[in-house]
1. How many times 2.2 N^0.38 Å is the alpha carbon radius of gyration of segment 162-342?
2. Among Leu221, Leu316, Leu265, which one moves the most in a GNM of the chain with springs linking Cα atoms closer than 10 Å?
3. Can you check how the C-alpha radius of gyration of the chain compares to 2.2 N^0.38 Å, as a plain ratio?
4. Give me D for segment 126-201 in µm² s⁻¹, whole number, from Stokes-Einstein with Rh from the Kirkwood sum over alpha-carbon pairs, 20 °C and 1.002 mPa s.
5. Each residue of segment 120-134 in order: what ³J(HN,Hα) in whole Hz does its phi give by Karplus 6.51 cos²θ - 1.76 cosθ + 1.60, θ = phi - 60°, with x for Gly and Pro?
6. Enumerate by residue number the GluC sites (Glu not before Pro) in segment 178-256 meeting two conditions: DSSP loop (anything except H, G, I, E, B), and at most 15 other Cβ atoms within 10 Å of the site's Cβ.
7. For segment 227-278, what is the relative contact order in percent, using Cα pairs closer than 8 Å and at least 6 residues apart in sequence?
8. Could you work out, for segment 73-175, what percent of all Cα-Cα pairs fall into each 5 Å distance bin, beginning at 0 Å and stopping at the bin that holds the largest distance?
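Rule-based calculations on the coordinates, nothing more; no lab input. Predicted, not measured: the structure shown is a model, and the values here were computed from it. For neighbour counting, all protein chains shown are included, and Cβ atoms are generated from backbone atoms with ideal geometry for every residue, glycine included.
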Amino acid sequence: MKKIIGVLMVLSLVLLVGCGGSSDANKKTTKTTTASSNFAKVEVKSGEYAIIPDVSEDDLSTLALTIKVTNTGKEKLYVESNGFELYEKDSNEKVKAEDFYNNDIDTFESDTLSKDKNITGTIFFNIDPKKEYKLVFEAMDDSGESEDIELDIDVTKYEDSKKALDESVKAASAFIDVQFLAKDNEDYAKLVGNDEEKTKTELLDKFHKENEDALFYDIDLSDEDYQKCFDSFTSVQGKRAKMDKELVGQYGDKAVVSIEINEGLSNEAIYDLFSDYEEKYMESTDDYEGYKEYAFSKYTEILEKSELKSDSHERLLYLEKKDGKWNVDIETTENEDLIMALQGSIY
């Protein structure tokens with residue numbers, strides 16, 4: 001599977017965490033763990049596993065801990081992500097907080113707390129879920145005095161949050177199966193929030209607008225004709241297309257799934273074969289008026305015989321969880337890119 005790089009990676013992250021925060025349906029663990037000293041009170045308010053572009057690493061799990069720090073001392077207290085570390089129990093191995101900041105996530109960015117003031121932020125650690133850890137915060141005041149505050153972290157409490165990581169990919173697969181491949185998928189009703197028929201109608205409209213200005217630009221077709229073409233396209237695409245799906249980003253109620261079309265229907269190939277049918281009809285009949293209607297009558301056959309293409313671009317599907325189900329906004333620019341590809345715009 002190709003990896004997202006450059007602009008797409010940044011874009012994924014921006015949309016992934018925009019207006020972020022976890023829904024209850026994601027089973028974000030909210031049991032508070034607390035430790036205090038004369039310098040600070042540290043509370044782990046909640047935690048969940050996440051996949052963050054440019055942060056998550058292979059064979060590791062990214063744990064997002066939302067932490068509240070309160071200044072319990074007399075001097076000003078410095079708070080930053082680098083002040084937090086996870087230590088493996090019974091060893092000297094430590095895991096540093098990832099150097100990650102985003103305007104849409106409350107992260108610690110070298111903040112200074114006055115007496116009795118508090119701040120809450122989220123920190124990301126790449127951990128081994130099979131190991132045990134303690135969280136250590138180096139509390140340092142503006143006089144230069146410091147003290148380590150330790151909390152035991154039971155990472156097993158956050159295992160349920162991994163279910164959301166699995167659900168988002170299943171929801172993406174179900175959405176594509178039902179809406180673009182004319183396949184049944186029981187996960188659609190369970191996991192997808194989009195109204196099935198309403199979304200099909202909206203996708204038909206996009207298919208209609210794209211093809212009336214291209215393949216069918218000089219053929220007078222009815223709405224019923226476009227419906228039949230749309231049904232044929234999705235049915236043949238479902239039989240012939242091959243694609244891979246991979247979760248590349250998820251935090252809270254936002255997820256991004258990479259869709260790699262290894263083989264799929266291509267408008268370019270369909271157009272070429274459509275033209276071949278027109279030419280052969282004219283050559284065999286000397287009819288220079290009915291050739292387009294003839295080729296149109298063979299539309300399904302053309303779809304079944306046209307050359308499949310491998311998409312040269314990696315496409316992304318953006319999902320957002322609302323009321324316990326994953327929703328796809330088909331009007332966003334990013335999802336529009338995938339929709340066009342699944343409806344034949346691949347090169």
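1. This ratio for segment 162-342 stands at 1.14.
2. Sorting by GNM fluctuation, first place goes to Leu221.
3. Against the compact-globule rule of thumb, the ratio is 1.31.
4. Answer, rounded: 130 µm²/s.
5. These are the phi-based 3J(HN,Hα) values: 10, x, 10, 10, 10, 10, 8, 10, 9, x, 7, 9, 9, 9, 10 Hz.
6. Passing both the DSSP loop test and the Cβ count: Glu186.
7. 30
8. That works out to 2, 10, 17, 18, 18, 15, 9, 5, 3, 2, 1, 0, in percent per bin.
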